[in-house]
Amino acid sequence: MENFYTHLKELCLLNGGSGDENAVREYIISKLNNKYNYIVDNLGNLIVTPNALESNPSNLNPRLMVCAHMDEVSMLVTSVKNDGTLTISPVGGIDAQAAIGRRVTVGGKRLNGVIGSKAVHNMSDKEKEKKPEFSKLYVDIGADGKEEAERLVDLGDRVYFETEYIEFGNGFIRAKAIDDRFGCAVLLELMEREMVQNCAFVFSVQEEVGTRGAKTAAHTVNPDFALVIEATTAADIPEVNGEKRCCELGKGAVVPFMDKSAIYDKELYRLSKTLAEKNNINWQTKTVVAGGNDSGAIHVSRGGVKTISISTPCRYLHSPSCVVKRSDLEDCLRLAELMVKSMVNGS
């Protein structure tokens, strides 16, 4: 597991928003061994297949597609104000309230900055009651004015949360971009093991803005089955009770039966449950039909693809400080390996 956690840390520390996944893709390519071939399609998806798949003409269409997305939520610069601060727009689902006061980096030059908003003591009572909006936020990069700021940034430059990767408490990890660098780390770990051959590993792009990469990759791969590895929202926090907690850290891999983008294949859902219970793997399902992932695009591609998802529960998703638990990550990895072998072999 040492390599898995090394990959997870290094991947989380990279910046790679939707449409800007180059650094993540280059890292993954650098870790591939000579047992694998890969292509990068026009959208930027990285599609990896075992060498044996290419050498056997009857196996050109893999039976299984295993998918994780490379992109994270981010922001971009939309204008420069007269005082040298930058207006921003989210790329993916970020709560504006979670962004206020956060450290960020801006553009390829990695300028340091802080996300600011109107001071509370200057707000009217109505403004205090309203939920913060990105249109009211700005990034302070320490520029003296518009002219200096325009020398340092370009419109469209990416803005990323700047957060350390920290292990704390009883097996907890805090970092940005665990959604879905966790999935990427799982795929890398699976490829390092002795895995079945009839399988394509897809590192997709632009999931956070509409599962766009998975849609094109699924058409290229044309699989019979798909397994999506993700991080999913856990609401196991104070004052949230019962089914509203959705899923919980420490209770194992999350296998949903439905979310906002897909109804998962019943046979694969039952298979995941059977494998987990037979092999003493902790697992849970989601008690709220919410969220979505690349499964939504994959399962309706071409003539349809039987699809299942395995996720790690994650607190504070899409924030600078996602929190997960090591035991859940390892349960997901164990279950994913068993599912890959079973789905490819048809057992």
Considering only the stretch 221-231, state which residues are hydrophobic (A, V, I, L, M, F, W, C) and open to solvent by 20 Å² or more (accessible area, probe 1.4 Å). Phe225
Can you spot a residue in the stretch 232-254 that is open to solvent by 50 Å² or more (accessible area, probe 1.4 Å), in a loop (DSSP other than H, G, I, E, B) and modelled with pLDDT of 95 or more? yes
Please enumerate the residues belonging to the stretch 146-176 that are part of a strand (DSSP E or B) and out of contact with any Asp or Glu (no Cβ under 7 Å at 6 or more places or on another chain). Val159, Tyr160, Phe161, Ile166, Glu167, Phe168, Phe172, Arg174, Ala175
Answer from Asp179, Asp154, Asp236 - the residue that is farther than 24 Å from Asn22 by Cα and in contact (Cβ under 8 Å) with a residue 60 or more places away in the chain: Asp236
Some residue of the stretch 206-215 being among the acidic types (Asp, Glu), under 20 Å from Gly44 (Cα atoms) and within 18 Å of the chain's Cα centre (by Cα): yes
What residue, of Lys35, Lys9, is among the basic types (Lys, Arg) and at pLDDT 95 or above? Lys9
Quick one: count up the residues across the stretch 38-82 that are at pLDDT below 95 and either part of a loop (DSSP other than H, G, I, E, B) or polar (S, T, N, Q) (or both). 10
Every residue from the stretch 61-97 that is open to solvent by 30 Å² or more (accessible area, probe 1.4 Å) and out of contact with any strand residue (DSSP E or B) (no Cβ under 7 Å at 6 or more places or on another chain): Asn61, Asn82, Asp83, Gly93, Asp95, Gln97
Of the numbered conditions (1) within 22 Å of Asn198 (Cβ to Cβ); (2) in contact with a Phe, Trp or Tyr (Cβ under 8 Å, 6 or more places away or on another chain); (3) of a type outside the set (Lys, Arg), Ser301 satisfies every one except a single condition; which is it? (2)
Do we find that Gly296 is touching a residue at least 60 places away in the same chain (Cβ under 8 Å) and on the phi > 0 side of the Ramachandran plot in this structure? no
Restricted to the stretch 98-108 and to residues being touching a Pro at 6+ places or on another chain (Cβ under 8 Å) and part of a loop (DSSP other than H, G, I, E, B), the residue least open to solvent (accessible area, probe 1.4 Å) is Ile100
I'd like to verify a number: residues in the stretch 255-277 that are open to solvent by 40 Å² or more (accessible area, probe 1.4 Å), charged (D, E, K, R) and part of a loop (DSSP other than H, G, I, E, B), how many? 1
Within the stretch 194-220, take every residue that is β-branched (Val, Ile, Thr) and either open to solvent by 10 Å² or more (accessible area, probe 1.4 Å) or in a loop (DSSP other than H, G, I, E, B) (or both) and give me the one that is farthest from Lys306 (Cα to Cα). Val209
Can you name every residue in the stretch 164-188 that is open to solvent by 20 Å² or more (accessible area, probe 1.4 Å) and not small (Gly, Ala, Ser)? Glu164, Tyr165, Ile166, Glu167, Phe168, Asn170, Phe172, Arg174
Within the stretch 264-287, does at least one residue satisfy the condition of being closer than 25 Å to Ala217 by Cα and in contact with a Gly (Cβ under 8 Å, 6 or more places away or on another chain)? no
Scanning the stretch 152-163 for residues that are open to solvent by 30 Å² or more (accessible area, probe 1.4 Å) and not aliphatic (A, V, I, L, M), the one farthest from Lys81 (Cα to Cα) turns out to be Glu162
Residue pairs within 7 Å by beta carbon, gap of at least six or interchain, first lying in the stretch 7-32 and of a type in the set (Val, Ile, Thr), second part of a loop (DSSP other than H, G, I, E, B) and open to solvent by less than 10 Å² (accessible area, probe 1.4 Å), listed first then second, are Val24/Gly16; Val24/Met70
Name the residues in the stretch 279-327 that are within 19 Å of Ala234 (Cβ to Cβ), of a type in the set (S, T, N, Q), open to solvent by less than 40 Å² (accessible area, probe 1.4 Å) and not in a helix (DSSP H, G or I), would you? Gln284, Thr285, Asn293, Ser309, Ser311, Thr312, Ser319, Ser321
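The values are calculated or read from the model by the stated rules, or taken from the named source; none is laboratory data. Since the model is a prediction, treat every value here as computed from it, not as a measurement. Methodologically, a virtual Cβ is constructed for each residue, glycine included, from the backbone with ideal geometry; neighbour enumeration extends over all protein chains shown. Surface accessibility is based on the protein's heavy atoms, side chains included, excluding ligands, DNA and RNA. Shrake-Rupley method; radii C 1.70, N 1.55, O 1.52, S 1.80 Å.
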